[in-house]
Each structure stands twice: as structure tokens, then as C-alpha cells.
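The values are calculated or read from the model by the stated rules, or taken from the named source; none is laboratory data. Computed from a predicted structure; not experimentally measured. Positions of Cβ are generated from backbone atoms using ideal geometry, with glycine treated the same way; all protein chains shown enter the neighbour counts. To get the accessible areas, we keep the full protein, side chains included, count just its heavy atoms, and leave off ligands, DNA and RNA. Shrake-Rupley method; radii C 1.70, N 1.55, O 1.52, S 1.80 Å.
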Amino acid sequence: MLIEALIALCLLGAAVVFVAPNRFAHKLAVGFSLPPLVISLYMYFAFDGSGNALLGGDIAYETFTQWLQLGSYTVNYHMGLDGISLPLVVLSTILTTLAILSAWTPIDERQSQFYGLMLFLEASLIGVFGALDFLLWFVFWEAVLIPMYFLIGVWGGPRRKYAAIKFFVYTNIASLVMFIGYFALVFGLGDSVSSTGLPEIAQALRAGQLGSLGIIGPDMLALAAFVAMFLGFAVKVPVVPFHTWLPDAHVEAPTPASVMLAGVLLKMGTYALLRFNFTMLPGQAEILAIPIAVIAVISIIYGALLALAQSDLKRIVAYSSVSSMGYVILGLIAYTVYGVGGATFQMVAHGLISGLLFMTVGVIYNTTHTRMVGDMAGMAEKMPVTAGVFVAGAFAYMGLPLMAGFAAELFIFLGAFESTVLPYAPLFTAVAMFGIVIVAGYLLWAMQRSLFGPFRLETDYEIGPAALHDVVPLVTLVLLIILLGSAPMVFFESIQDATLDIVATLGGGI
């Protein structure tokens, strides 16, 4: 019942904070966010499961009971974790606590409602990573949209309503496409399944029990469902060309919401791709390996080039997320232990690094009231700790050894280069590696112009070192990034074990 305890604590905290006086909201929100964080860390270090939860492996912290009966299908309340989902639950609780801490300065109105929505968002995210029945999972999946819509639309920038509506419409339509694809598989399986549970569906598909649906044969049905689910999840990731909602959402969102959006919400898409497409339908992934790898590489290079063309620090970090998620897609389609495991590791690493950079940009904006690179210079002289943290986050993004980004990209490149599923794997890997050069270009350019040289600021504000409550979340994230990069096996061992069954069908190697 530990997963339920996490969700219940977050929902209780959301309800209490939502109606509390504004002057107490921040402290209450921090207080309610700490128990889920502590429990999730306990769950991780006490975890002793093995295998993949969808493919017959151990399911840790499992809860199973019948929920609904829909015709011949049973909908169960089925929750549980394995080595893939548990690290993402921990990531969610860590970033929620730090994002709430970072909200002290920028959120100065309707604090109670803001922090209540942040805790509700955390509960929904934990549900997404813990649910093992599709309809239960879909409830949490859609619930995530509600708080994020209001966080952007109420506390965002000048174009917040446009950005919030665009975010909601894009992701909601994508969810509908994905929903149709999944239930096409359920109906195609017919009497061979009796529930909408993810393990039952995954194992039935792996066993070749998919039949025809009307005039559509099983092979075409599986391929069409794969494409529908891929398109639905690709919008959430997002990959090129479905990325256009992301920069608007990031630029208009308040800093804590941007941290959660880049740090965890994007991982919902890659996590779902891994769980649904690449776990349930490996044969179709192999058929579409080249188009998927092309999408991954285009996202890596094009996302990085878009970041290079920006002068707004927040847009730079936003577009860099498109590039980083391309590496995840490349790792998944490699179908090797290091490829798929590295993709999962990259979800966690990117969550920490992108969260750090968005928080740092937020601290700079709180002081200078500008995010434009051309409006400032020599910020390291006035804000040395903040500048140092920005440099650390940038080098983590560039893959500096002993930082989380390096370990994640190394795993992905090793796995992708040795892939036997992806034709021309060394070529795709080499092109993807070139993205690191572009990343270094735009981050070094941004740092050189804004942080170093003689001090200059176009806005008329007094500049000084950031407050302690702004610095603590930044330093915490830097330490976590270094810890994950210095000892990657702390997370990677459990991830690796859960990927073995995924890649085994296609003979995946390292």
C-alpha cells in the first residue's frame, strides 16, 4: 500500500494547502511534499524486485483488486513498480519538493491554489508511473493535464492563456489517438484477454494471440496500433514535428511549473513509449526502426539548432529538451540492454539537469526581470553562486564526465552503436553524437555573453546574490547530478534488470 500512501499524502496535502491562508501555503506545501519524498526513497532502497512488471517479472509494492466490470472486460485497481517505473517515482517526488521550494520568490499571489495544484500534480504523476491497468493509468494520465493547464494559465506570462490552451489541446488530442490505438489491440485480442491490465495485454501480444479486427488482419492491426500509440506519445515527449507546443508552454509557465514540465511530464511520453510500443509490440518497432531512428536523430539535431538560434534563456533550455528526448528515442529503438536502459537513465538524468537549468534561469529572471541574453553580461560578478550553478548545469547537459548527462548518453551510444535491430546503427549513432557539439555551442555562447565579461544590465534593478531559499534547491540538484554521474549503477542496476525481458525477443545485446 506504499504507492497508495504516496498518492494519498499528496492529495491530502493538496486539499489542505488549497484552502489554507496564503501566508502559510508555502511552508505547508513543503511539509506535505517531504513525507512522499522520504517514502519514495525508502521504497527505492528497499526494492528487491527483478524483471519487468509487464512481462512476468516481480511487481514491487503491488496492490490488486477488482474495480469495474465493462462488458466482458474487468478493470482492476492494479498498482505496482519495477526497475523502470520506480526511479521515475523517485524523480517525481524529488523535483516536486525542490520546485515548491523554488516557488518562494516568483509566486506572490494565490499561493494556496498554486501549491495545492503542485501537490495534485505530484499525485497524478505517481499514479501514471505506478498504474498497471490501462484505464486506471489513463485516469492519472489525463489528470496530469488539469493542474498543469491552470499552473500555466493562471500564473504564467503575458501569453499564458494561449500557451495553456495549446498545451491542453495538443496533448488531449494525442491522448485520444493513443487511446484508439490501444483499444484496437484489446479488441483484436478478443477472448484471449479478460481485462485491460497492462501485463495481461503485453503478454498476450508477445504470445502472438492478436487476431483480426473486422477486415484488418493481425499484422496490419498491430502496425496501425503501434503508429497510433507512437503518434499519441510523441506529442507528449515531444519529438519533431510535434514539439511546437513545448516552447510556448515553457516560456509562459512560472518557473516551478517549467521544472515539473521538463523534468517529469515529458518523461510520461517516453515512459509510455517504452511500456506500450517497445514492450508490447517489438516486432512492429523493428519494422519501423529506420523511420523511428530518423525521427530521433532529427529531433536531436533540429532541437539543438533551434536552441542555438534563441536569445531567450528559457527558450534555449526548452528547445534543448527536444534534443535530449531524441536521445531517449534512439536508445529505445536500439533494443539493447544499454540502449533501453540508457534511455530510462536519461529520463532521470535529464529530469534533474533540465530542472536545474530552469530553476537557475528563474533565479536570474527574479533578480534581473529579463531572460534575454543580450540584455545582460557579467552576471557572475553579482551572482557568483547562481552563475556557478548555471555553469555546472550547462556542463552536465554537454555530457561532462562524472555528471549524470555523461553516463546517460554513454549508455545510449554504447547500446545504439551495437544494435542488431536498427539498420545502419553506427551511422545513426555517429550523427546523433554530433548533437553534443551543437549543445556545447549554444550553451557556451549563452554563458559567455550573459555570465562573463564586464557587468551590464539593460533593466533598472538592483542585482545581488540570490537568497538562501533560492540557492538550496539549485545546490541540491547539482549534488544529485554529480552523485548520479559518479555512481550511475546506483540507478542503472535495477533499470538494467527490468530491460532484459524487453530486448530478449529481438536478441538484443548490450
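The residue that is nearest to the chain's Cα centre (by Cα), among those in region 1-33 that are among the aromatic types (Phe, Trp, Tyr) and open to solvent by 60 Å² or more (accessible area, probe 1.4 Å), is PHE18. Taking region 245-287 as the range and being open to solvent by 10 Å² or more (accessible area, probe 1.4 Å), of a type in the set (Val, Ile, Thr) and in contact with a Gly (Cβ under 7 Å, 6 or more places away or on another chain) as the test, the residues that pass are VAL251, THR255. Quick check on LEU477: is it within 30 Å of PHE411 (Cβ to Cβ), in a helix (DSSP H, G or I) and touching a Leu at 6+ places or on another chain (Cβ under 6 Å)? Considered against the rule, which asks whether it is within 30 Å of PHE411 (Cβ to Cβ), in a helix (DSSP H, G or I) and touching a Leu at 6+ places or on another chain (Cβ under 6 Å), LEU477 comes out as yes. For first residues located in region 463-484 and open to solvent by 30 Å² or more (accessible area, probe 1.4 Å), partners that are aromatic (Phe, Trp, Tyr) and part of a loop (DSSP other than H, G, I, E, B) and lie 6+ apart or on another chain with Cβ distances below 9 Å form the pairs ALA467/TRP104; HIS469/TRP104. Quick check on region 49-65. Is at least one of its residues of a type in the set (S, T, N, Q) and buried (at least 22 other Cβ atoms within 10 Å of the Cβ)? Within region 49-65 (the criterion being of a type in the set (S, T, N, Q) and buried (at least 22 other Cβ atoms within 10 Å of the Cβ)), the answer is yes, since at least one residue qualifies. Set side by side, the residues ILE100, ILE84 differ, and just one is crowded, with 24+ Cβ neighbours inside 10 Å, farther than 25 Å from SER494 by Cβ and of a type in the set (Val, Ile, Thr), which is ILE100. Taken over region 345-401, the criterion of being polar (S, T, N, Q) and either surrounded by fewer than 20 Cβ atoms within 10 Å (Cβ to Cβ) or under 25 Å from the mean Cα position of the chain (by Cα) (or both) is satisfied by GLN346, SER354, THR360, ASN366, THR370, THR386. Restricting ILE290, ILE329, ILE333 to those that are open to solvent by 10 Å² or more (accessible area, probe 1.4 Å) and closer than 24 Å to LEU500 by Cα reduces the list to ILE290. Within region 193-205, the presence of at least one residue that is farther than 21 Å from VAL503 by Cβ and aliphatic (A, V, I, L, M) is confirmed.
Within region 393-452, the set of residues being among the charged types (D, E, K, R) and either under 30 Å from THR360 (Cα atoms) or in contact with a Lys or Arg (Cβ under 6 Å, 6 or more places away or on another chain) (or both) comprises GLU409, ARG449. Give the residues of region 108-122 that are open to solvent by 10 Å² or more (accessible area, probe 1.4 Å) and either of a type in the set (S, T, N, Q) or outside any helix (DSSP H, G or I) (or both), sorted by residue number. Once the filter is applied, which keeps residues that are open to solvent by 10 Å² or more (accessible area, probe 1.4 Å) and either of a type in the set (S, T, N, Q) or outside any helix (DSSP H, G or I) (or both), region 108-122 yields ASP108, GLU109, ARG110, GLN111, GLN113.
Within region 12-45, being in contact with a Leu (Cβ under 9 Å, 6 or more places away or on another chain) and within 30 Å of VAL490 (Cβ to Cβ) holds for GLY13, ALA29, VAL30, PHE32, SER33, PRO35, PRO36, ILE39, SER40, TYR42, MET43, TYR44.
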